[in-house]
Protein chains: 2
Amino acid sequence: MILVVFAHPYPDRSSANRVLLGGLEGVHGVEVRSLYDLYPDFNIDAAAERWALERASVVVWQHPIYWYSMPALLKLWFEKVLTFGWAWGPGGDALRGKRCLWAVTTGGDENDYQPDGLHGHVFGAFAPVMEQTARFCGMEWVEPVVVHEARQLDSDGLAAWAAAYRARLVELSRWEPLLDA
Amino acid sequence: MILVVFAHPYPDRSSANRVLLGGLEGVHGVEVRSLYDLYPDFNIDAAAERWALERASVVVWQHPIYWYSMPALLKLWFEKVLTFGWAWGPGGDALRGKRCLWAVTTGGDENDYQPDGLHGHVFGAFAPVMEQTARFCGMEWVEPVVVHEARQLDSDGLAAWAAAYRARLVELSRWEPLLDA
């Protein structure tokens, strides 16, 4: 099963993320959990989240970039769900061997993400926080999906990204498990 | 005025951060806002936060490192307080010219923060998210204060860090403003 942990603070106002998610409809074995719909009051049900994670072989963190990282509720999800003894530390093997895909939309273009650009760094400079969170839990980090200038894309551009995203998840779902369960 | 935006999810259980804050007592013109005490329900009063920021010439983000970055409530603070037209974008000059200091405690030592260490990267690899948030708002990023292995420090070690932190803030408070207000 592929678990898409979706974190958009204003899911109704999303355009790009909604199209990306729509592209996953009908893909076998995809479960989407929209954190801001599930937990508008930030009271995360950690047991429910862990149960979903345990059933997954691929974990996707999908969100728009807010201040160079994940929206606050996804950060809280890390803190409440990925706990000592479950996700890391002695006995904390629940996520070991799963694959982790970071799928994000940004408001800038590639020129903005340059040392001399608006955001002062290449986009990959902002990835270690996410990447190392996955790795610390024993997950395999796969090449992220990064949709730049999401608000400027027209419907054809969005549709192409949605198709690519869908194909990526289908491909990941076909990989052999890394470890015997 | 120096504004210390303090974000510890369990302020009562903090040891290192409490000592660091204690070292600031009596320093002229320091205001501490403890986000988890002020907003246990995550309902940030953005107007109150902005008013405190407007009066400051130095902004400190002090927190323990949680999953290689800021605790969730500080991330939410970025999203709710640092808004378009106030902190960035046209007319968004409220923070321009202020200095920003990142003051953090970690659970690891310097060996853990190496490419072949437990955390897979030098500590500075996790800084761009914070640094670029400050710079995007026109703030000057100064050299961070990073207290490694905070839980392992004995009282002498903590006291030395508290004195260094206090001295750093006193030094920053004496700098000339970057811009005429």
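Okay, here's what the table says:
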{"quantity": "For the stretch A:63-70, Karplus couplings with θ = phi - 60° (6.51, -1.76, 1.60), whole Hz, Gly/Pro x", "calculated": "6, x, 6, 10, 6, 6, 7, 7"}
{"quantity": "Label spacing, shortest first and in nm, from B:PHE84 to its equivalents in the remaining copies (7 angstrom along Cα→Cβ)", "calculated": "4.2"}
{"quantity": "Inter-part distance where the stretch B:94-114 and the stretch A:1-38 are each reduced to a Cα centre, Å", "calculated": "33 Å"}
{"quantity": "Relative contact order (%) - criterion: Cα under 8 Å, at least six apart; region: chain B", "calculated": "27 percent"}
{"quantity": "Shielding by partners, peptide A:123-129 (average Cβ within 10 angstrom, other chains)", "calculated": "5"}
{"quantity": "Size of charge dipole - the stretch A:1-80 - debye, nearest 20, with Cβ of Lys, Arg +1 and Asp, Glu -1, no other charges", "calculated": "160 debye"}
{"quantity": "Three-way shape call for the stretch B:114-176 based on the alpha-carbon gyration tensor, with the a/c threshold at 1.5", "calculated": "oblate"}
{"quantity": "Per-residue mean of C-beta atoms belonging to partner chains within 10 Å, peptide A:72-82", "calculated": "5"}
{"quantity": "Per-copy distances of the B:TRP51 label point, shortest first, in nm (7 angstrom along Cα→Cβ)", "calculated": "4.5"}
{"quantity": "Distant-in-sequence amide H partners of A:GLU140 (H built 1.01 Å from N, under 5 Å)", "calculated": "A:GLY97, A:LYS98, A:ARG99, A:CYS100"}
{"quantity": "Amide hydrogen neighbours beyond the local backbone of A:VAL145, cut-off 5 Å, H modeled", "calculated": "A:TRP102, A:ALA103, A:VAL104"}
{"quantity": "Cut-off of 10 Å, at most 16 other beta carbons, DSSP loop: longest stretch of chain B lacking such trypsin sites (Lys or Arg not before Pro)", "calculated": "B:97-181"}
{"quantity": "DSSP-loop GluC sites (Glu not before Pro) across the stretch A:1-103, with at most 14 other Cβ within 10 angstrom", "calculated": "A:GLU25"}
{"quantity": "Per-residue mean of C-beta atoms belonging to partner chains within 10 Å, peptide A:57-70", "calculated": "3"}
{"quantity": "Pseudo-label separations to other copies for A:ASP112 - Cα-to-Cβ vector, 7 Å, nm", "calculated": "3.5"}
{"quantity": "Estimated vicinal HN-Hα couplings, Hz - the stretch A:92-103 in sequence order (Karplus 6.51, -1.76, 1.60; Gly, Pro = x)", "calculated": "x, 10, 4, 9, 4, x, 6, 9, 10, 10, 9, 10"}
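All of the numbers you see were taken from the coordinates with simple rules; none came from a lab. Computed from a predicted structure; not experimentally measured. We place every Cβ from the backbone using ideal geometry, glycine too, and count neighbours over all the protein chains shown.
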